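Written out below as structure tokens is the structure these notes cover.
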Amino acid sequence: MSFDELGLRPELLRAVAKAGYTEPTPIQWQAIPLVLQGRDVMAGAQTGTGKTAGFVLPILQRLTAGGPPTGRGRRMIRALIVTPTRELAAQVEESIREYGRFLPVRSAVVYGGVGMRGQLDALARGVDILVATPGRLLDHSERRSVDLSAVETVVLDEADRMLDMGFLPDIRRVLKLLPTQRQSLLFSATYTDEVRGLAAGLLRDPATVEAPRETVESDLVEQCVYPATKEGKKALLVHLLGNEVGAGALVFVRTRHGADKLAKHLDHSGINAVPIHGSLSQNQRIRSLGDFKAGRARVLVATDIAARGLDIDQLPHVINFDLPNVPEDYVHRIGRTGRAGTQGAAISLVCGEEIPFLQQIEKLVNKRLPRVRVDGMEEHTPSGSLENWGAPREQAPRPASAGNKPVRRRGPERAVLQERFTSLRATVAEPVADAAVRPARRNRPEGVRPPDLDQPRAAMRGAR
Ligand code: AMP
């Protein structure tokens, strides 16, 4: 399938070619024709699948179907894209500019944590497509600086994450501001009951499309587990970054405080690291990301929500310093590497108390991840055999050839993990092959948010 066959106008095909895309991704060839037809769509897709172009390209086409906007008269917002985080909002708007570069379409982005002035000016000049986080959008609505009465298409991007962040009441309020006659698109990485509930109230006779999960939890991402003591994780991480992980790494932690502390610790250990999380101002976040992208910082220490939507090219390593307590977040995290056909590595440092999380993750990805021990780091790793370390109690020990055999790493050679993983593949038999990742119901009771969830609702409000 080529982009030409999707019925996109020449200006969009030129923009896509200029972006270097040769063929549409699965979510694109499924979603684009449906959106072009004006259908409501429920799409199972996450960052890394090309989902943004999956809705931006057909929206641009529909907005310019009756001839490009002339610029005469006041422009009205005709497409609204709502995202959970500022980073994702900024990135989606960047994509609109990129894909719409040959069309006279105007876009703007509004999110909290920065001053209103620039946003007010942009809105006053007139906008065709608005990208927004829910809180700031409602602020603008209250100030009457935004008029959503002409919206023809609304997109809820990363709907599951918005619900996780407690945005449901805000989303409901936003939807009430829109005309009832409209096209609605819902993109979500997981289909929880909450997402289905939202979809039921939002979409009319929706078409359902699904990005293949392999694009995220794919063969391109080599995964392994380094068992560690709780206290030994930092030393193990410094060792890995100093000796084995050659290039930049995105390191995930569970809390904002943990992100700050770990970034400082790495810095003191001679490894340039910057944090990114919801308590930082937008400018601080932009600076951290810029330092990392430009190579001034080797390590970006991130919380899940702050990292959501970051598009960092050529990210060879994702390191889970803490395991997420929601297994789907593991899949999101490792989806940050191994993108667009490049090989990536996902490393998890796991201590005894995280074993239940590890077991949930292995159930979700349907394979046992190889355990790795580093010579010379014994005091920071659990004692005894790793043969069945972290295996569920009821699971009978499998023969070593079935993927249980721990791998012993020799000394601190300076080889990048990618190469090591290649040999790892030869040492460890492939675990259960190719099983699709089941979208599992989150194991958190309804309405209960984890205590450490980044950017809780109150903080988001405060940040507006
Ligand atoms: P997204 O899932 O929308 O965040 O996109 C992830 C990355 O894939 C971005 O860097 C896009 O520029 C890139 N991308 C989107 N569509 C394609 C395509 N058809 N071919 C190659 N790369 C793409």
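Readers should treat all values here as calculations from the given coordinates under stated rules, not as data from a laboratory. Since the model is a prediction, treat every value here as computed from it, not as a measurement. When we count neighbours, we look across all protein chains shown, and the Cβ atoms used for this are built from the backbone with ideal geometry, even at glycine.
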Roughly how big is region 3-210's charge dipole about its Cα centre, with Cβ charges of +1 (Lys, Arg) and -1 (Asp, Glu), in debye to the nearest 20?
920
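Over 29 Å, how big is the tail of the calculated P(r) for region 3-210, in percent of all Cα pairs?
Cα-Cα pairs of region 3-210 separated by over 29 Å account for 17 percent.
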Residues ASP193, ASP160 in order from fewest to most other beta-carbon atoms within 10 Å are ASP193, ASP160
Leading residue at positive end of dipole, region 221-380 (Cβ point charges), from GLY352, ALA263, PRO227:
ALA263
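Assign unit charges at the C-beta atoms only (+1 for Lys and Arg, -1 for Asp and Glu), then state the dipole size of region 221-380 relative to its Cα centre in Debye, rounded to the nearest 20.
That gives a dipole near 340 debye.
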With the dipole of region 221-380 defined by +1 on each Lys or Arg Cβ and -1 on each Asp or Glu Cβ, the option from ILE286, LEU300, PHE252 whose Cα lies farthest towards the positive pole is ILE286
Based on the mean of other beta carbon atoms within 10 Å per residue, what is the order of 20-29, 235-244, most packed first?
235-244, 20-29
Rounded, prolate or oblate: which fits region 46-151, taking a ≥ b ≥ c as square roots of the Cα gyration tensor eigenvalues, rounded meaning a/c under 1.5, else prolate when a/b beats b/c?
oblate
When only DSSP loop residues count, what trypsin sites (Lys or Arg not before Pro) in region 105-207 have their Cβ near at most 13 other Cβ atoms within 10 Å?
ARG143, ARG144, ARG204
Mind ordering 227-233, 270-276 by average Cβ neighbours within 10 Å, highest first?
270-276, 227-233
Computed about the Cα centre, the charge dipole of region 143-218 from +1 Lys/Arg and -1 Asp/Glu charges at the Cβ has a magnitude in debye, to the nearest 20, of 560
Given region 221-301 reduced to its alpha-carbon atoms as identical point scatterers, what log10 I(q)/I(0) does the Debye formula return at q = 0.12, 0.15 Å⁻¹?
-0.34, -0.53
Give me Rg over Rh for region 221-380, both radii from the alpha carbons and Rh done the Kirkwood way, two decimal places.
0.93
Out of GLN28, ALA132, PRO84, whose Cα points farthest toward the positive end of the dipole of region 3-210 (charges: +1 Lys, Arg; -1 Asp, Glu; placed on Cβ)?
ALA132
